[in-house]
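Worksheet for the structure shown next.
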Amino acid sequence: MNIIDQGQGELFLDPDPDKAREFFRTKNRKQVNKVMDLKDAIARFVKDGDYLAIGGFGANRTPIAACHEIVRQKKKNLGFAGHTSTHDMEVLSAGEVYDRIDVAYVIGLEARGLSPCSRQYMESGKVKVTEWTNYSLAARLRAAAMGVPFVPTRNVMGTDTIKYSAAKTVECPFTGKKVVLMPALYPDVSVIHVHEADVYGNARFRGIAVADIDLANASKRLIITTERLIHSDEIKRDPSATRIPYFLVDAVCEVPYGAYPGTMPYEYFSDEAHLREWLNVEKDPAEFKAFLAKNIFDCKDHEEYIARNGGMKKMLELRAKELLLFKEV
Amino acid sequence: MAEYNAMEIMICVAARELENGATVGVGTGAPCAAAMLAQKTTAPDLVIMFEAGGIYPTLPEMPISVGDSRTFYKAAMAGSMGDIMEACSRGFVDYTFLGGAQIDMYGNLNSTVIGNHAKPKVRFPGSGGANDFASFCWRMMVMTPQNNRRFVEKVDFLTTPGWLQGGDSRAKSGLPLGSGPYKIITDMAIMDFEPQSKRMRVISIHPGYSFKDVQENCGFELLKAPQLADTPAPSDEELRLLREEIDPYRYVIGR
């Protein structure tokens, strides 16, 4: 195929499907108990230098507990899929755990404003950046999930976004039209937060999928954090509810309120006051250091973080808010 | 006449552009407020779509994120990003509403960087879903305050495609045929694009402003429609809905 145009951005991962197949060939197919502490899962499956992807959408069904643990364990030189990353990126930027990033949406927390810490880190020159879009990264995960080296799309043509990406524009052999080839993205490790999983890793979540089905399929190693463990009989009773099958999964960690301070659909709404506190405290480096000590480094785990920020009383407030219990609609 | 601020008139004017039964891809903030206002006024069957997967929700309040639970509250479907963006790619989505740090005379948007890409003076969030929506949706609209910092001769980084370099450059680019910028709505005026050159053209002026005001708050030369319309001011009912039902905590209209 004749290459019409190509981005000058760095491709951080090899899109070769045969290399991915060789890796997937080695993964265990047996249903075995994969339950472990989040601390152990992060220590074992997130290695310095890995390329990391985080499920959910910014501060929605996002494994924030895992992001804290990655920072607490001071992981280094990670690659990161900045796919609608908002509070997850804010946490990872605070730890400066990544040094290269595929950008679709970064720094911002949508309507809440921009993270000074993420912004400073991105403007520091310490981070290698390749530009994409939300759909481009979703398409790259789709290609990986399909086991093919790329998928064609029709966005980004004519813009600087493609110029700073690693995509290529070619002529379609069927129609003669230009299409963009989005290279497959096989993350070394991903973390996805779900509502329910059994001990083998069969996982269910409710609400929007974002790109998590393709992400689960594309990832070489996958950590599932779950609001609660359920019995495998329950999975077998209603297999149509399973969104992620066990054989993709390496670790299952039961982390109630694992998306806090973000939203977990049908469970709890985001803690807007606490998210605002994050954004405000970042403006003062000394204050931010103390804040990180209090909320990440001096916390044993997510349970302690939650206890330090309102505990069960706060969780019940956020549940009432999520379920609109006291609002007429 | 009722008092209103710049954000309120932008939202009211934008809402009137959405016809009943149309599909629209929206982001949080002002675009979402405009879509909600349209649903409560002229377009009760407006199909709102959010890029994270929410399809046709009944929004109980303003979402904080395009992926929060409100975006699929009493919805037709809680789908995926692929479901939304691929519906756009197939030509199912009529409108999108976007913003950006900079816009040029062809409606190209920058939401990536000011200055050098490798070590930028200012880093912004990037495309997010903006490039995708603007590439795929039939008609792209932009809501943005009118000033010289935003309306620039040349965007520092062309994140999201408008009419690219004007003329037939977009048609030749490979982007889906027939898609492109439609209207730009600011706190002073409504602009469209002259069909041949694809340059931005003022078509309607909001109450209290003149063409001169609009031109003085724009970093490039604007075209002027032969007949300039007067934008009707926000009605009492539009303002009531916006203030009491859509944004009671003034998340957007308080900015």
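Rule-based calculations on the coordinates, nothing more; no lab input. All values reported here derive from a predicted model rather than from experimental measurement. Cβ: placed from backbone, ideal geometry, glycine included. Neighbour counts: every protein chain shown.
Okay, here's what the table says:
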read-out: Inter-centroid distance (Cα atoms) of region B:66-115 relative to region A:1-38, Å; value: 28 Å
read-out: Peptides ranked, highest mean first, by Cβ atoms within 10 Å: ranges B:18-30, A:80-92; value: A:80-92, B:18-30
read-out: Size-normalised alpha-carbon gyration radius of region A:19-155, reference 2.2 N^0.38 Å; value: 1.11
read-out: Size descriptor, Kirkwood hydrodynamic radius, that averages inverse alpha-carbon separations across region A:153-212, Å; value: 15.1 Å
read-out: Radius of gyration and maximum dimension Dmax of chain B, Cα, Å; value: 17.4, 50
read-out: Virtual spin-label span in nm between A:Met146 and A:Tyr266, 7 Å along Cα→Cβ; value: 3.1 nm
read-out: Among beta bridges that DSSP assigns inside chain B, antiparallel share in %, nearest 5; value: 45 percent
read-out: Chain lengthening between A:Ala241 and A:Arg100 when straightened (0.36 nm per residue, less Cα-Cα); value: 47.2 nm
read-out: Over region A:36-88: Kirkwood hydrodynamic radius from C-alpha pairwise inverse distances, Å; value: 11.4 Å
read-out: DSSP-defined antiparallel bridges as percent of all bridges, region A:3-328, nearest 5; value: 35 percent
read-out: As computed over region B:75-199, the Cα convex hull volume per residue (Å³); value: 126 Å³
read-out: Distance cut-off 23 Å, percentage of C-alpha pairs in chain A lying past it; value: 58 percent
read-out: Candidates A:Gly79, A:Gly158, A:Gly108, ranked by Gaussian network fluctuation over chain A, Cα under 10 Å, top entry; value: A:Gly158
read-out: A:Glu234/A:Ile4 FRET efficiency (R0 41 Å; Cβ-Cβ; nearest 0.05); value: 0.20
read-out: Net charge of neighbours whose Cβ lies under 14 Å from the Cβ of B:Arg150, counting Lys and Arg as +1 and Asp and Glu as -1; value: -3
read-out: More than 22 Å apart - percent of Cα-Cα pairs taken over region A:211-329; value: 50 percent
read-out: Length released on extending from B:Asp45 to B:Gln227, taking residue separation times 0.36 nm less the Cα-Cα span; value: 62.3 nm
read-out: Rg in Å to one decimal, and Dmax rounded to a whole Å, for the protein assembly as shown via C-alpha atoms; value: 23.3, 74
read-out: Karplus-derived HN-Hα couplings along region B:48-58 (A = 6.51, B = -1.76, C = 1.60, θ = phi - 60°), whole Hz, x at Gly and Pro; value: 8, 10, 10, 4, 7, x, x, 10, 6, x, 9
read-out: Share, in percent, of DSSP beta bridges within the protein assembly as shown that are antiparallel, nearest 5; value: 40 percent
read-out: Calculated Rg and Dmax of region B:211-255 using C-alpha coordinates, Å; value: 15.7, 41
read-out: Semi-axis lengths, Å, region B:126-252, gyration tensor of Cα atoms, sqrt of 5 times eigenvalues; value: 26, 20, 14
read-out: Part-to-part distance (alpha-carbon centres) for region A:56-108 and region B:146-198, which is given in Å; value: 33 Å
